[in-house]
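The values are calculated or read from the model by the stated rules, or taken from the named source; none is laboratory data. Computed from a predicted model, the values in this text were never measured in an experiment. Methodologically, a virtual Cβ is constructed for each residue, glycine included, from the backbone with ideal geometry; neighbour enumeration extends over all protein chains shown.
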Amino acid sequence: MTDRAPTAGWLTEERRETLGELVAAYAARRPGWAGVASGPVRVIDAQMMVPGRPGVIDVVADIGGRVVHEPLGLRAPGDDSRFLAEGEDPVLGLFEDVGGLAVVFGALHDAEAAGALVEVVSGRRVDPALVRLLRMDDETTVLAAGDALVFTVFNDAGSPSRRGLETLVALDDMGFNHIAAPLALWRRAGRDLGVVQEYLAGASDGYALALTSVRDLYASGGPPEEAGGDFGAEAHLIGTMAARMHLALERAFGRQRDDAAVCADEVEAVVAERAPELLERQVVTELLGKVRALEVPLYAIRTHGDFRLGLVCRTELGWYVVDFPSGPPVTSAGARPGTEGGAVLRSPLADVADMLWSFGRVAVMAAEERDPTGQEGLRELAGAWERRNRRAFFAGYLGVPGISGLVPPGHDAVRLLSSCFELERTATANSRSRSPG
C-alpha cells in the first residue's frame, strides 16, 4: 500500500469536473438513483483519502438537486480487484491525478479500497480479505471488517448532520450500553459522512426471533407461556432496555412539559388524514375522549422515533438497539420542537406504542403466513401471544428505577396514552408501505 498522507493541490477544475461526471455515472447505476443522475452535476467537496494505487477520493456532489456522497476508488489499469458482489462491474471510467491515469470504481465495492478507507477513518488496521458488504439501501452502504468493525457510509448527504447519529453518540456518552458503540465518526466541513461501530457478533434480529416464537405457538397450540419458543422473558428485557434508553435520552437532551389533551387532538388529526375510517369506531372515539380527560403530568423527550422489533437485536450479552432514524419520528403526533437545535421531542410512550404495535404486527404476519385463508382460526392464539408479550414489556419498562418520574403516574394513564400513540402508528402503517416488524 502506498503512503496515505494527503496530497495538496491535486484538485484542479478539470479534475473536479471529471469527478462530477464519475459520481453521476455511479448514481445512474445505483438502484433508486437513476432519476437523479440526469440532472446537472456540481461537486461540492472532494478529498483524497488514500493517495496512490489503490487510492480513494471521497466526493460530495449535488446531482439534480440531490446531495450525494460517494467514495471513488482508483486503480492502475490492469490491476486485479476483488469486488464485494458477484457479477458486479462497478467500473465508472478513467481519471488522471498526480499518480497518472487510473481506472475509477465505487470504492465501497472493492475490498482493498474499502479496507483502506476504513483504516483512514477508524485509525485501525483492517485485513481487506475480511471486508464484506452487509447491505446497501437508498441512503447508506454498510460494510463489515471481520467481526470487529461495522462501517456505515451515508450516501445521501442532503442533511449536514443526522439525527440518528446524534442520538447514538449521545446515548454512548450517557453510558447506555445497549448499542453498538461508535468508535469513530467521519465528518468533514460540518457534514456527517459515516460512522465506525463495534460489530455485534452473533446478533439475531428481534423481528425474526419473535416470528419464530409465534410460529412455534401456532404449531403447538396451548398457552404461549408453555410453548417452546416463549418470548415473554425477551419482551420483558426489551421493555427494560427501552426504559433505560429513555432515561439516558432525557439526561442527554432534557425534557419539557407536555399535555395529554393536545396529544389526543394531534393523534386524531393524523388518523383523520391517514385512516379516517378508524374514527368511525366507538372504541377509538372513547379512547381519545379518555386521553383528553387525563389530568396527569406528561413530559416530552428526544425519543427513538421508530422503536420496533426489526430495529433491535439479541446477542449473548443481551438486547441492543441497532438503528436510529435520521429524520423526524415515523409518527408525527405529539411531537414538540426542542429547546436546542430544533430537535423533535415527544412522549416516551410513543416509542412504547411503536413496540406494542410491532408485537401485534408479528402475530398477524405469522398467522397470515401459516393460514392465509383463516380456516385454522389462529386469531385466539395470536391474541394470547400478543397480550402476554405486551404485559411482559410493560413489566420490564415500568420496573426500571427512575422511569416513574418520566411517564404519567398510574398504569391506567400509561396504558391509555400508549394506546393513543399506537392508534396513530396503526393509521400511519395502514397508509404507507414499510417493513413488517
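If you go through region 12-37, how many residues are in a loop (DSSP other than H, G, I, E, B) and either surrounded by 17 or more Cβ atoms within 10 Å (Cβ to Cβ) or touching a helix residue (DSSP H, G or I) at 6+ places or on another chain (Cβ under 8 Å) (or both)?
Initially, region 12-37 is screened for residues in a loop (DSSP other than H, G, I, E, B), giving 12, 30-33.
Narrowing the set further to residues that are either surrounded by 17 or more Cβ atoms within 10 Å (Cβ to Cβ) or touching a helix residue (DSSP H, G or I) at 6+ places or on another chain (Cβ under 8 Å) (or both) leaves 30, 33.
Adding up the residues that qualify gives 2.
Has region 406-421 got at least one residue that is within 30 Å of residue 137 (Cα to Cα) and either at pLDDT 95 or above or in a loop (DSSP other than H, G, I, E, B) (or both)?
Filtering region 406-421 down to residues within 30 Å of residue 137 (Cα to Cα) leaves 421.
Next cut, either at pLDDT 95 or above or in a loop (DSSP other than H, G, I, E, B) (or both) only: 421.
Scanning region 406-421, I find at least one residue that is within 30 Å of residue 137 (Cα to Cα) and either at pLDDT 95 or above or in a loop (DSSP other than H, G, I, E, B) (or both), so the answer is yes.
Residue pairs, Cβ under 7 Å, 6 or more apart or interchain, first in region 174-196 and free of Cβ contacts under 8 Å to residues at least 60 places away in the same chain, second among the β-branched types (Val, Ile, Thr). List them.
Listed by first residue and then by second, the contacts come to 182/169; 182/195; 185/195; 195/152.
Quick check: is even one residue across region 117-135 surrounded by 14 or more Cβ atoms within 10 Å (Cβ to Cβ), touching a residue at least 12 places away in the same chain (Cβ under 8 Å), in contact with a strand residue (DSSP E or B) (Cβ under 8 Å, 6 or more places away or on another chain) and under 17 Å from residue 22 (Cα atoms)?
The answer is no; no qualifying residue exists.
Only one of 192, 205 is within 30 Å of residue 70 (Cα to Cα) and either in contact with a Lys or Arg (Cβ under 6 Å, 6 or more places away or on another chain) or crowded, with 21+ Cβ neighbours inside 10 Å (or both). Can you tell me which?
On the way: 205 fails: either in contact with a Lys or Arg (Cβ under 6 Å, 6 or more places away or on another chain) or crowded, with 21+ Cβ neighbours inside 10 Å (or both).
From the options 192, 205, the qualifying one is 192.
Considering only residues that are surrounded by fewer than 17 Cβ atoms within 10 Å (Cβ to Cβ) and part of a helix (DSSP H, G or I), which ones fall in region 217-236?
Residues satisfying the conditions are 219, 220, 225, 226, 233.
Scan region 136-184 for residues that are of a type outside the set (A, V, I, L, M, F, W, C), touching a strand residue (DSSP E or B) at 6+ places or on another chain (Cβ under 9 Å) and not in a loop (DSSP other than H, G, I, E, B) and report the count.
8
How about region 98-116: which of its residues are part of a strand (DSSP E or B) and either without any contact (Cβ under 8 Å) to a residue 24 or more places away in the chain or in contact with a strand residue (DSSP E or B) (Cβ under 8 Å, 6 or more places away or on another chain) (or both)?
The initial filter retains those residues of region 98-116 that are part of a strand (DSSP E or B), namely 100-106, 110.
Scanning region 98-116 gives 101, 102, 103, 104, 105, 106, 110.
Of all residues in region 136-151, how many are surrounded by 22 or more Cβ atoms within 10 Å (Cβ to Cβ) and not aliphatic (A, V, I, L, M)? Spell out how you get there, then give the answer.
Looking only at region 136-151, we keep the residues that are surrounded by 22 or more Cβ atoms within 10 Å (Cβ to Cβ), and these are 141, 143, 145, 149, 151.
After this cut, where a residue has to be not aliphatic (A, V, I, L, M) as well, the list is 141, 151.
Qualifying residue count for the region: 2.
Identify the single condition in (1) assigned to a loop (DSSP other than H, G, I, E, B); (2) on the phi > 0 side of the Ramachandran plot that residue 126 does not satisfy, given that it satisfies every other one.
(2)
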